[in-house]
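The values are calculated or read from the model by the stated rules, or taken from the named source; none is laboratory data. Treat the numbers as computed from the prediction; the structure is a model and nothing was measured. As a convention, Cβ positions derive from the backbone with ideal geometry for all residues, glycine included, and neighbour counts pool all protein chains shown.
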Amino acid sequence: MNILGRLALLFVIVPLLELALLIQMGQWVGFWPTITLVVFTGVSGAWLTRMEGLRTIWRLRNDLAHGRIPGQAIMDGMAVLAGGAFLLTPGVLTDLVGFGLLFPATRHLIQKRFMAQLERRIQESVVQVSVSGGEIWTRAPDPMSPSQSAGE
């Protein structure tokens, strides 16, 4: 899927689907229970995001203090941030994804699946890593080196 299709999915199709689900839920359980559920998931999501975010920061600091690379802590931090954003967005599907990213067990399952897919795409050369707009840094030649003569 190209970038335009992904943007359409993100900003048009998902919100329309969420709106349809909220309308349907309102018809099933009523207006006020639906509004209560949306407010509850927003508030509880913000609280859970804060708790998991603090836990992730503590793990990151602990890894750095012990000289370890905080790779998992960084991945957890990105997942918690995304999960919190999903939970603050009104909707049923975004709430499910948001809670999935906040609970450690489901977050790690999602991360494993994401990493496996990313590794597969890199091996297939679908995803490439490149550097642009900069120069490659090399070590400058030593001015005292015998290979350079004074006449050069």
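Odds and ends about this structure:
- Some residue of the stretch 78-95 being assigned to a loop (DSSP other than H, G, I, E, B) and exposed (fewer than 15 other Cβ atoms within 10 Å of the Cβ): no
- In the stretch 92-148, residue farthest from the chain's Cα centre (by Cα) [restricted to those that are modelled with pLDDT of 65 or more and of a type in the set (Asp, Glu)]: Glu124
- Odd one out for Arg68 among (1) under 21 Å from the mean Cα position of the chain (by Cα); (2) within 22 Å of Gln111 (Cβ to Cβ): (1)
- The listed residue being at pLDDT below 95 and touching a helix residue (DSSP H, G or I) at 6+ places or on another chain (Cβ under 9 Å), out of Ile69, Ile13: Ile69
- Checked against (1) in contact (Cβ under 8 Å) with a residue 40 or more places away in the chain; (2) over 20 Å from the mean Cα position of the chain (by Cα), Leu48 meets all criteria but (2).
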